[in-house]
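Contents: one structure, followed by commentary.
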Amino acid sequence: MSRPTLAFAGEPGSFGEDAALAHLAGADTQPVPTFRDVFEALERGQADGGVVPIENVTHGTVREVYDLLLEFEPAIVGEVEVPVELCLAALPGQRLDDIERVYSHVQALAQAEPFLRSLGCQLLASTTTAGAGAEIARRGERGSAAVLSPRAAVVHGLEVLAEGIQSDARNRTRFLVLAGEASPAWLPPAPSNAAVRTTLAFGVANEPGTLLRVLSVFAGNGINMSKLESRPSRARDWEYVFWADLDTDLCAEGSAVILQQLGQVTVSLRTLGCYPVKGG
């Protein structure tokens with residue numbers, strides 16, 4: 001088949017594009033404006049797959065993506081971790097002392113906050129990190145800089161004024177790889193010894209002990225839950241949908257009995273994907 005197209009939110013050089021290429025080096029990458037546009041491109045068949053950030057090591061989950069996963073119902077077919085290396089970059093010829101305004105995504109601004117605070121500049125939010133650099137380049141905006149990756153700075157013709165400005169050297173973002181089906185033809189084979197993660201979304205009745213019954217099913221079957229999140233339900237006010245990452249393969253043969261047990265203690269249950277755990 002021809003090279004698959006993976007959609008990502010942002011401009012060329014963004015961390016989303018890094019994630020797409022880390023997952024599938026031979027892919028064609030397709031930049032779109034927002035996370036929602038990634039889901040819509042996949043739903044309309046305009047892309048074979050997509051990558052979206054789900055959590056950052058220092059700043060937690062990307063809540064918008066959880067909501068979009070429930071709204072659009074794609075399959076999660078993989079994951080990849082991307083190290084977050086940030087720099088401050090501006091138009092060629094600018095010096096650090098010339099900078100009055102700094103643009104970037106709010107999470108990147110927070111991740112570089114100690115360094116940025118020392119500059120005393122005005123901080124302005126952009127949709128994406130690479131997009132901040134692209135806008136400065138398009139406008140020829142002097143006196144401004146962007147917080148973005150070194151690769152994005154090169155892509156958009158900016159000059160790096162300061163490197164490694166992230167506050168935590170271990171900082172990284174986990175991206176989910178999405179497809180319209182559980183086993184697309186373009187998906188690279190997983191290593192034979194790869195661990196598998198299952199992501200579930202479920203709702204429970206607003207009664208005492210209902211969440212405990214779900215957790216008891218996990219514990220009773222020896223399943224480790226590596227993450228639990230809650231988001232407001234769109235069906236009923238003041239009720240919630242829970243998201244669980246499980247260190248097991250509930251898509252494997254023989255797992256139907258566990259899903260049946262979960263169905264008996266939930267009011268809604270959906271398996272979003274069973275996929276290999278992969279570091280970037």
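The values are calculated or read from the model by the stated rules, or taken from the named source; none is laboratory data. Remember, predicted model here, so these are calculated numbers, not experimental data. Note that we place each Cβ from the backbone using ideal geometry, even for glycine, and neighbour counts take in every protein chain shown. When the accessible area is computed, the model is the full protein with side chains, heavy atoms only, and any ligands, DNA or RNA have been set aside. Shrake-Rupley method; radii C 1.70, N 1.55, O 1.52, S 1.80 Å.
When you count, for each residue, the other Cβ atoms within 10 Å and take the mean per peptide, how do 31-42, 193-204, 57-68 rank with the highest first? Don't skip to the end; give the middle numbers.
Numbers: 31-42: 19.7, 193-204: 17.8, 57-68: 16.1.
Ranked by mean Cβ neighbours within 10 Å, highest first: 31-42, 193-204, 57-68.
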Report summary line: Reduced to Cα centres, the span from region 158-175 to region 77-97 in Å works out to 6 Å
Query raised in the report: In units of 2.2 N^0.38 Å, what is the alpha-carbon radius of gyration of region 1-127?
Result: 1.19
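Sum -39500 (n - 2.57) across every DSSP H segment of at least 4 residues in the chain, then divide by the residue count to get the 222 nm mean residue ellipticity, nearest 500. Numbers along the way, then the final one.
Values: 9 runs with 78 residues, N = 280.
Counting only the DSSP helices, I get -7500 deg cm²/dmol.
What's the local net charge at Gln94, with K and R +1, D and E -1, over the other residues with C-beta under 12 Å away? Walk me through the numbers on the way to the answer.
Details: positive: Arg95, Arg101, Arg142; negative: Asp97, Asp98, Glu100, Glu141, Glu159.
My count for the surroundings of Gln94 gives -2.
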Query raised in the report: GluC sites (Glu not before Pro), restricted to region 185-255: which are DSSP loop and have at most 15 other Cβ atoms within 10 Å?
Result: Glu239, Glu253
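Got the relative contact order for region 34-125 handy, in percent, Cα pairs under 8 Å and 6 or more residues apart? List each step's numbers first, then the result.
On the way: 54 pairs, mean separation 19.1, N = 92.
The value is 21 percent.
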Query raised in the report: For region 1-60, what log10 I(q)/I(0) values come out of the Debye formula at q = 0.29 1/Å, with one point per alpha carbon and no solvent?
Result: -1.22
Report task. For Leu96 and Leu259, calculate 0.36 nm times their separation in residues minus their Cα-Cα distance, and state this gained length in nm to one decimal. Result -> 53.0 nm
Query raised in the report: Using the per-residue mean of other Cβ atoms lying within 10 Å as a proxy for protection, in what order, highest first, do the peptides 178-184, 136-142 fall?
Result: 178-184, 136-142
Query raised in the report: Under the Cβ-under-4.7 Å rule, which cysteines of the chain stay unpaired?
Result: Cys87, Cys121
Query raised in the report: Averaged over all directions, how much area does the convex hull of the C-alpha atoms of the chain cover when projected, in nm²?
Result: 16.5 nm²
Query raised in the report: Mind checking the angle between helix 210-220 and the chain's longest principal axis? C-alpha axes, 0 to 90 degrees, to the nearest 10.
Result: 80 degrees
Query raised in the report: Which of rounded, prolate, oblate describes region 108-181, given a ≥ b ≥ c as roots of the alpha-carbon gyration tensor eigenvalues and a/c under 1.5 marking rounded, otherwise prolate only if a/b is larger than b/c?
Result: oblate
Query raised in the report: Using Cα atoms only, what is the angle between the long axis of helix 129-139 and the major principal axis of the chain, expressed in degrees (0 to 90) to the nearest 10?
Result: 30 degrees
Requested in this report: Positive end of the charge dipole of region 101-170 (Lys, Arg +1 and Asp, Glu -1 on Cβ, about the Cα centre): tell me which of Ala153, Ser126, Ala108 has its Cα farthest that way.
Outcome: Ser126
Requested in this report: Could you pull the Cα extents of region 56-176 along its three principal axes, largest to smallest, in whole Å?
Outcome: 46, 28, 22
Requested in this report: Using amide H atoms built 1.01 Å from N in the peptide plane, name the residues 5+ places from Ala162, or on other chains, whose amide H lies under 5 Å from its own.
Outcome: Leu88
Query raised in the report: Roughly what angle does helix 63-72 make with the longest principal axis of the chain, taking Cα atoms, 0 to 90 degrees, to the nearest 10?
Result: 50 degrees
Requested in this report: Would you work out what percent of the accessible area of region 209-280, with all protein chains in place, is carbon or sulfur (probe 1.4 Å)?
Outcome: 51 percent
**Report entry** Alpha carbon centroid spacing (whole Å) that separates region 1-73 from region 178-213
**Finding:** 18 Å
